[in-house]
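Participant: Below is the structure I would like to discuss, written out as structure tokens.
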Amino acid sequence: MKSGYGYVTYSNDPYKYSFLNKQDDKLDTLYLKKTSWQHEEEFRFITLGIGSYSNRLQEFSVDIVSEIILGYNISSTDEAEILEIIKAKYPKNVPVFKTRRTEKGELVKALII
């Protein structure tokens with residue numbers, strides 16, 4: 001598998017994992033976070049085998065995208081390039097957000113398009 005996607009599961013329970021025994025439930029630790037992050041309602045897209053092992057570029061239909069969120073520390077150059085691609089390829093009804101910090105230091109998303 002070169003990539004995967006799914007909603008994050010939030011729990012404070014420790015997860016069981018063994019390097020020695022095969023897992024029957026195939027619990028994927030890449031989709032687990034503590035309940036203190038539950039407000040994020042995170043959906044993850046993960047690319048495996050970065051670098052010489054695999055190309056990170058994956059193609060998907062634009063119809064499956066419901067929103068796009070740009071990260072807090074994105075450079076202005078990267079942001080401008082991404083926004084140009086979004087304008088060219090995605091329908092106008094796909095909202096674009098950028099994360100920002102509140103005065104309390106919390107990350108929230110703000111609509112930019």
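Participant: Name the one entry in Leu48, Leu107 that is touching a Gly at 6+ places or on another chain (Cβ under 8 Å) and at pLDDT below 85.
Facilitator: Details: Leu107 fails: touching a Gly at 6+ places or on another chain (Cβ under 8 Å).
Checking each option against the conditions leaves just Leu48.
Participant: Residues of segment 1-19 being farther than 28 Å from Glu59 by Cα and at pLDDT below 75, which ones? Write out each step before concluding.
Facilitator: At the first step, the residues of segment 1-19 found to be farther than 28 Å from Glu59 by Cα are 10-19.
Lys16, Tyr17, Ser18, Phe19 - these are the residues of segment 1-19 that are farther than 28 Å from Glu59 by Cα and at pLDDT below 75.
Participant: Sticking with this one: Name the residue that is surrounded by the most Cβ atoms within 10 Å (Cβ to Cβ), counting only residues in segment 20-29 that are at pLDDT 70 or above and within 23 Å of the chain's Cα centre (by Cα).
Facilitator: The extreme case among them is Asp28.
Participant: Something else: Can Ile82 be described as at pLDDT 85 or above, in a loop (DSSP other than H, G, I, E, B) and either surrounded by 11 or more Cβ atoms within 10 Å (Cβ to Cβ) or of a type in the set (Lys, Arg) (or both)? Talk me through it step by step, then tell me what you get.
Facilitator: Working: at pLDDT 85 or above: yes; in a loop (DSSP other than H, G, I, E, B): no; either surrounded by 11 or more Cβ atoms within 10 Å (Cβ to Cβ) or of a type in the set (Lys, Arg) (or both): yes.
Criteria not met by Ile82.
Participant: What are the pairs with Cβ atoms under 6 angstrom where one residue, in segment 77-99, is closer than 17 Å to Phe60 by Cα and the other, located anywhere, is part of a loop (DSSP other than H, G, I, E, B)? Sequence gap at least six, or different chains.
Facilitator: Val94/Val65
Participant: Name the residue that is surrounded by the most Cβ atoms within 10 Å (Cβ to Cβ), counting only residues in segment 85-106 that are among the basic types (Lys, Arg) and within 17 Å of the chain's Cα centre (by Cα).
Facilitator: Within segment 85-106, the first condition is being among the basic types (Lys, Arg), and the residues that meet it are 87, 89, 92, 98, 100-101, 104.
Now drop any that are not within 17 Å of the chain's Cα centre (by Cα), which leaves 98, 100.
Values: Lys98: 17, Arg100: 12.
Applying the filter and picking the extreme gives Lys98.
The values are calculated or read from the model by the stated rules, or taken from the named source; none is laboratory data. All values reported here derive from a predicted model rather than from experimental measurement. Virtual Cβ from ideal backbone geometry, glycine too; neighbours counted across all protein chains shown.
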